[in-house]
Each structure stands twice: as C-alpha cells, then as structure tokens.
Amino acid sequence: MLREVRNVATILELEARRLRHDYSDIVIRSVQPILWLVVFGSVFTNYRVIPTGEYSYLEFVAPGVLGQSVLFVSIFFGLMLVWDRESGNLSKLLVSPASRYSIVFGKSLSAGIRSIAQGAVVILLILLVGIRFRTNPFLVLMVFPAIVLIAAVSASISIFFTSLLKTRERVMGIGQVLTMPLFFTSNALYPVSIMPWWLQWIAYANPLTYGINILRSLMLTGDLSGIPLDIAVLTGYLLVLTLVNGRLLQRIME
C-alpha cells in the first residue's frame with residue numbers, strides 16, 4: 001500500500017514539474033472564465049431570466065464557471081498518456097513495479113495540480129469582478145480538494161476514452177464532443193429544477209453536477225448538508241473509472 005502511495009506521489013511530482021516549466025496554458029485558458037463571468041453572467045444578471053433565489057445570477061454562476069474551468073483543463077488529460085507513449089515514458093511506467101491502477105489513479109489526480117492553478121486564477125477573477133464569496137477560511141480551503149476531485153473524475157473519463165481511441169487526433173475530437181454536453185447538462189448555468197424532466201435525469205447522471213454542488217455550497221450558500229452525498233457520488237465515479245482504466249491501460253500501447 002505504501003509503495004502504491006509513493007508511485008502516485010511520483011506521478012504527481014512529474015505533473016508539478018511540467019506545470020512549473022510551462023504555465024502558459026493556465027494563462028490562455030483564463031480567457032473563457034472572463035467571458036463567462038463578465039459578458040454572459042453580467043447580461044443574465046441584468047435581465048433576471050433565470051431564477052436563482054436570494055442570489056444574483058453572477059453569484060450563482062461563479063461556482064459553475066469554476067467547475068467549467070476545471071472540466072476544460074482535465075477532460076483533455078488523456079492526451080498526456082498519448083504523449084507519454086510517444087516519448088517512451090509510458091513504456092517505462094508499465095515495466096516498473098507500479099501497478100496499472102496506481103498509474104491511472106496518479107494520472108487522474110495529477111490533473112488536480114493543473115486544475116488547482118487554474119482554479120486559483122478563476123477565484124482571483126471572481127474577486128476582481130466583485131462577486132460575493134464566502135470568506136470563511138475553512139470553506140475557502142475546502143474548495144481546493146473539491147477542485148482536485150472534480151479534475152480527477154474528468155481526467156478519468158478522458159483516460160477511459162484515450163484507452164479506446166489511442167491517437168491524439170481522436171482524443172482531441174472526443175474531448176471537444178464531451179466538454180459542451182457535460183457543461184450544458186450540469187447545473188453550472190441554471191438550477192436543475194428548471195430543466196425539463198428528461199434533462200434533469202441526465203443532469204443527475206452527470207458527475208459535473210455533483211462537483212458544482214460542492215463548489216456552490218462552499219463558495220455561495222455555506223450549506224454543507226448535501227456535500228457528503230456529492231462527494232460519495234464523485235468518489236464512486238473515480239473508483240469505478242480507475243478500475244476500468246487500469247484494465248484498459250495496456251490497450252494504449254497496442
């Protein structure tokens with residue numbers, strides 16, 4: 001068990017080194033949250049077309065934009081496995097004592113490192129725009145583990161499709177296909193309660209919905225009563241996908 005933890009920690013360290021040498025991706029990806037908050041959020045706040053209770057639409061949508069940023073960073077993380085295969089690093093990992101499950105789990109968690117950096121930028125943007133934000137230190141600190149969990153589930157989905165599709169072009173294509181449906185069928189932009197019944201079923205099957213529930217509880221409402229269920233659902237997704245991806249990992253090399 002201790003050896004598996006060390007293997008996962010080594011993979012996390014590799015991702016941290018990658019981020020330290022090139023953080024331009026984080027800066028470039030900050031454009032989208034700016035547009036969602038400053039343009040989309042401001043317009044819908046003025047027209048009040050979406051019921052958000054006692055909160056303004058900007059306050060409601062800010063955790064959704066944070067969740068979207070995490071999703072967009074990590075849903076393409078399967079590409080890292082393609083690059084590792086092409087550079088020979090994946091072959092070295094597969095012949096190392098590390099189990100395939102610790103490799104895919106480490107890769108999924110490593111998406112959290114880049115997502116935390118992206119999340120910090122988005123939180124800074126939220127503060128700069130002047131959106132009300134809970135400042136309880138405990139709630140603020142808990143946002144970052146939530147980001148890691150959302151990123152790990154999203155990266156696991158990406159690794160699953162990478163194991164099946166194998167090439168960079170196909171993985172890029174499926175990433176584009178997945179991002180918008182996952183985003184628009186979640187509760188990022190509007191409450192689940194105003195969706196048509198069939199879309200509500202899709203929203204409840206969408207892991208991003210549970211991630212945004214956690215962020216909204218920590219950042220906006222302060223009501224933590226639903227968080228255990230949200231964490232349990234996301235953890236369930238992560239465990240199942242890790243087991244499946246561990247079985248499929250060898251297919252990337254074929």
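The values are calculated or read from the model by the stated rules, or taken from the named source; none is laboratory data. Everything numeric in this text was worked out from a predicted model, so none of it was measured. Glycine also receives a Cβ, built like all others from the backbone with ideal geometry; neighbour counts cover every protein chain displayed. These area figures cover heavy atoms from the full protein model, side chains too; ligands, DNA and RNA do not enter into them. Shrake-Rupley method; radii C 1.70, N 1.55, O 1.52, S 1.80 Å.
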Selection from segment 27-41 of residues open to solvent by 40 Å² or more (accessible area, probe 1.4 Å) and of a type outside the set (Phe, Trp, Tyr) yields VAL27, ILE28, ARG29, VAL31, GLN32, ILE34, LEU35, VAL38, VAL39
Going residue by residue through segment 161-175, is there one that turns out to be open to solvent by 20 Å² or more (accessible area, probe 1.4 Å), within 27 Å of GLY41 (Cβ to Cβ), at pLDDT 85 or above and assigned to a helix (DSSP H, G or I)?
no
Picking from SER91, SER87, the residue that is closer than 27 Å to LEU238 by Cβ, polar (S, T, N, Q) and without any contact (Cβ under 8 Å) to a residue 12 or more places away in the chain would be SER87
Taking segment 113-155 and keeping residues free of Cβ contacts under 8 Å to residues at least 40 places away in the same chain, over 23 Å from GLU15 (Cβ atoms) and either surrounded by 19 or more Cβ atoms within 10 Å (Cβ to Cβ) or not β-branched (Val, Ile, Thr) (or both) leaves LEU127, LEU128, GLY130, PRO137, PHE138
By residue number, the members of segment 161-217 that are under 26 Å from LEU248 (Cβ atoms) and small (Gly, Ala, Ser) are SER163, GLY173, GLY175, SER186, ALA205, GLY211
Considering segment 204-229, residues that are assigned to a loop (DSSP other than H, G, I, E, B) and of a type in the set (S, T, N, Q), and then whichever is surrounded by the most Cβ atoms within 10 Å (Cβ to Cβ), we arrive at ASN206
Residue pairs within 6 Å by beta carbon, gap of at least six or interchain, first lying in segment 227-241 and within 16 Å of ILE147 (Cα to Cα), second among the aliphatic types (A, V, I, L, M), listed first then second, are ILE227/ILE214; ASP230/ILE214; LEU234/LEU149; LEU234/VAL153; TYR237/VAL153; LEU238/ALA152; LEU238/VAL153
Of those in segment 230-254 that are open to solvent by less than 30 Å² (accessible area, probe 1.4 Å) and of a type in the set (Val, Ile, Thr), the residue nearest to the chain's Cα centre (by Cα) is THR242
When restricted to LEU71, LEU66, LEU79, LEU90, the only residue surrounded by fewer than 19 Cβ atoms within 10 Å (Cβ to Cβ) and in contact with a helix residue (DSSP H, G or I) (Cβ under 7 Å, 6 or more places away or on another chain) is LEU79
